[in-house]
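Data first, discussion second: the structure below is written as structure tokens.
The values are calculated or read from the model by the stated rules, or taken from the named source; none is laboratory data. On a predicted model such as this, the values are computed, not experimentally measured, just so you know. Every residue, glycine among them, receives a Cβ derived from its backbone with ideal geometry; neighbour counts consider all protein chains shown. Quick note on the areas: whole protein, heavy atoms, side chains included, nothing else; ligands and nucleic acids left out. Shrake-Rupley method; radii C 1.70, N 1.55, O 1.52, S 1.80 Å.
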Amino acid sequence: QVQLVESGGGLVQAGGSLRLSCAASGRTFSTYAMGWTRQAPGKEREFVALISRSGGSTAYADSVKGRFTISRDNAKNTVYLQMNSLTPDDTAVYYCAVTRSWSVDIGFYDYWGQGTQVTVSS
């Protein structure tokens, strides 16, 4: 079992930046790939970014590529999402998740955090 706690969400103006963090419990953190997903009001949860166990490989949704950066610190059991050039379309609840699969299909993600709200004003 892995427990995940996200933080760092908030209200920001369009063009601004936020850095999300996700702290994981358990000594098996480094054995999982980690992902960020988001869910906007009235929409399905969608993939945002994925990072491999070592941090050497990453993947991004086309909508965030070039603006968001995922990273991880295995010594701190933490994964981050640096979000730059935010737009109102990025407004959503952001969730981190762990997965044993290298996949952008969030159906394969095993454990989820409770989410953190990101609101981007125009």
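Hey, got the dipole for the range 37-116? About the Cα centre, +1 on K and R Cβ, -1 on D and E Cβ, debye to the nearest 20?
Working: 9 positive and 8 negative charges, 48 e Å.
Here the size comes out at about 240 debye.
A protection proxy built from the mean count of other Cβ atoms within 10 Å ranks the segments 100-112, 27-39, 75-87, most packed first, as 27-39, 75-87, 100-112. Counted by Cβ distance under 14 Å from Ala75, the other residues give a net charge of +3, where Lys and Arg count +1 and Asp and Glu count -1. The Cβ shell under 15 Å around Tyr94 holds other residues with a net charge of 0, Lys and Arg each +1, Asp and Glu each -1. Protection proxy ranking of 44-53, 7-16, by the mean of other Cβ atoms within 10 Å over each peptide's residues and highest first, is 44-53, 7-16.
How many percent of the accessible area of the chain is carbon or sulfur, using a 1.4 Å probe? Could the numbers behind the result be given before it?
On the way: 2840 of 6190 Å².
Carbon and sulfur atoms account for 46 percent of the accessible area of the chain.
A 1.4 Å probe run over the protein chains yields, for the chain, 51 Å² of accessible area per residue, whole-number rounding.
Projecting the Cα atoms of Ile70, Ile106, Ser121 onto the charge dipole of the chain, computed from C-beta unit charges around the Cα centre, puts Ile70 farthest toward the positive end.
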